[in-house]
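Reviewing the structure listed below.
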Amino acid sequence: MPSLRAVPPVHSPITLAAVASGLAAMTGGEARARAEVTEALTRSLAPRSLLLTDSGTSALTLALRTAATLAPGPAALPAYCCYDIATAADGAGVEVLLYDLDPETLGPDFASLERVLAQGARTVVVVHLYGIPLDLPAVQHRLDAYQAVLIEDAAQGAGAACDGRPLGSIGALGVLSFGRGKGITGGRGGALLANDERAATALATVREGLRPAHTSASEPIAVLAQWLLGRPSLYGIPASLPFLGLGETIYRRPEEPRAMSPFALGVLSHTLADADREANLRRSHARRLLACAAADGRRVRTVRAPVSAVAGYLRLPLLLPDEWRARYGSPAARRLGIMPGYPTTLAELAGFTPRVRNAGVAFPGARRLVASLVTLPTHGRVSEGDLRALERWIAGRD
């Protein structure tokens with residue numbers, strides 16, 4: 001019988017107590033759960049205003065709409081990122097200019113960013129990919145010259161900080177996600193943070209039009225499945241079912257944003273307490289794997305974070321040589337939780353390019369990331385044996 005063991009690429013701590021908390025919120029405890037989540041996020045992030053949504057994609061959709069009222073004009077998006085950002089741009093109905101990324105930092109290529117600002121971009125979305133903080137002061141310095149609005153997408157930034165401030169709390173608008181693979185989960189859900197007075201005032205109008213929350217019957221079932229099957233001893237079962245689409249990057253049609261569901265609020269009110277512990281485990285595992293990569297730096301390249309930053313390492317990104325392509329696409333690599341990055345740039349994403357004003361521009365940094373970036377698991381369910389296997393893989397001894 002084939003082994004059922006496989007390491008999930010990402011993991012968010014979930015317990016039966018968290019599921020029970022979600023069920024309690026569905027049956028009369030919604031106000032209490034909402035208050036607990038709001039208080040916890042306000043204490044840790046100190047936003048001027050906070051809006052809880054049904055997903056991180058919804059939060060970004062609303063952030064783009066809000067930014068457009070502050071500074072009308074196209075929105076600048078990174079050419080390499082999760083396709084949900086394209087979905088959010090569709091939902092917001094904004095015109096898009098793409099900017100290239102620096103593969104060594106996963107942050108903006110500043111020459112490319114300045115070009116799109118000169119072409120009229122007045123909202124800039126930056127993304128802390130895989131929990132690696134960007135050089136936000138350098139980004140903000142360039143935006144200030146154009147009075148452009150910074151949206152900080154920290155959907156992958158759980159446990160990370162820049163200059164002592166948690167990711168999501170620095171840009172005029174910040175976006176969080178609590179999906180199943182984001183380090184902190186409610187099963188689903190997101191948050192939009194307004195971090196200055198202008199953004200908070202604009203967000204008040206968006207809040208008034210937010211559709212009410214809705215808990216579907218499938219939410220508790222999905223979270224229970226995550227609790228049971230998200231452990232390495234059983235993850236091979238869902239990972240072997242193609243129709244589940246685990247690990248796939250999908251470009252979805254937009255849906256009108258809603259408030260966070262009662263069930264997600266209840267789950268999140270419980271799982272937020274595990275965030276620091278899980279982030280510390282991810283950092284510990286990442287340091288060990290980075291040390292292995294540094295010992296063989298001629299072949300494996302790591303991503304550089306700002307000196308003042310603390311990475312959250314939702315996953316560990318590495319840049320690999322072309323000749324390793326077969327290795328990181330193998331079934332053995334998948335069983336270790338090793339996954340390629342996003343399969344194409346937004347400039348080449350079918351169905352999205354009509355929205356992109358500069359889709360015909362070359363984005364060499366983004367294309368290099370498509371070709372060579374892989375991520376390794378760092379989460380708390382990675383065992384000592386898994387770490388040794390990942391070290392062997394990095395060293396080319398698997």
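The values are calculated or read from the model by the stated rules, or taken from the named source; none is laboratory data. Fair warning: this is a prediction, and the values are worked out from it, not measured in the lab. Methodologically, a virtual Cβ is constructed for each residue, glycine included, from the backbone with ideal geometry; neighbour enumeration extends over all protein chains shown. Heads up: the accessible areas ignore ligands, DNA and RNA and are worked out on the full protein's heavy atoms, side chains in. Shrake-Rupley method; radii C 1.70, N 1.55, O 1.52, S 1.80 Å.
Here are some notes:
- Subset of region 372-398 (residues that are under 13 Å from residue 318 (Cβ atoms) and surrounded by fewer than 19 Cβ atoms within 10 Å (Cβ to Cβ)): 391, 395, 396
- Annotation note: of 245, 209, 236, the sole residue that is at pLDDT below 90 and open to solvent by 50 Å² or more (accessible area, probe 1.4 Å) is 209.
- If the condition is being surrounded by fewer than 20 Cβ atoms within 10 Å (Cβ to Cβ) and either under 15 Å from the mean Cα position of the chain (by Cα) or more than 16 Å from residue 113 (Cβ to Cβ) (or both), then region 61-82 contributes 69, 70, 72.
- Residues in region 76-97 that are under 15 Å from residue 139 (Cα atoms) and touching a helix residue (DSSP H, G or I) at 6+ places or on another chain (Cβ under 7 Å): 76, 77.
- Per-region count, region 161-170, residues under 19 Å from residue 60 (Cα atoms) and touching a helix residue (DSSP H, G or I) at 6+ places or on another chain (Cβ under 7 Å): 4
- Considering 197, 152, 219, the condition of being touching a residue at least 24 places away in the same chain (Cβ under 8 Å), buried (at least 24 other Cβ atoms within 10 Å of the Cβ) and of a type in the set (Asp, Glu) is satisfied by 152 alone.
- Residue 337 out of contact with any strand residue (DSSP E or B) (no Cβ under 9 Å at 6 or more places or on another chain) and not in a strand (DSSP E or B): no
- Scanning region 22-53 for residues that are touching a Ser or Thr at 6+ places or on another chain (Cβ under 6 Å) and under 11 Å from residue 265 (Cβ atoms) returns 26, 33, 36, 37.
- Residue within region 1-14 that is touching a helix residue (DSSP H, G or I) at 6+ places or on another chain (Cβ under 7 Å), crowded, with 24+ Cβ neighbours inside 10 Å and not in a loop (DSSP other than H, G, I, E, B) present: no
- Residue 202 fulfils the conditions (1) buried (at least 16 other Cβ atoms within 10 Å of the Cβ); (2) closer than 27 Å to residue 312 by Cβ except for a single criterion, (2).
- Checking each residue of region 223-239 against the condition of being under 21 Å from residue 177 (Cβ atoms) and touching an Asp or Glu at 6+ places or on another chain (Cβ under 9 Å) gives no match.
- Residues (in a loop (DSSP other than H, G, I, E, B) and within 24 Å of the chain's Cα centre (by Cα)) located in region 203-234: 210, 213, 214, 215, 216, 230, 231, 232
- Region 131-149: number of residues that are under 16 Å from residue 196 (Cα atoms), among the β-branched types (Val, Ile, Thr) and surrounded by fewer than 24 Cβ atoms within 10 Å (Cβ to Cβ): 0
- Yes/no for residue 181 being without any contact (Cβ under 8 Å) to a residue 60 or more places away in the chain, assigned to a loop (DSSP other than H, G, I, E, B), of a type outside the set (A, V, I, L, M, F, W, C) and closer than 24 Å to residue 82 by Cα: no
- Yes/no for residue 368 being open to solvent by 70 Å² or more (accessible area, probe 1.4 Å), assigned to a helix (DSSP H, G or I) and in contact with an Asp or Glu (Cβ under 8 Å, 6 or more places away or on another chain): no
- Top-ranked residue of region 282-311 - restricted to ones that are of a type in the set (D, E, K, R) and under 13 Å from residue 378 (Cβ atoms), ranked as most open to solvent (accessible area, probe 1.4 Å): 287
- Residue in region 274-288 that is within 19 Å of the chain's Cα centre (by Cα), outside any helix (DSSP H, G or I) and basic (Lys, Arg) present: no
- When the test is whether a residue is part of a strand (DSSP E or B), at negative phi and more than 20 Å from the chain's Cα centre (by Cα), residue 117 does not pass it.
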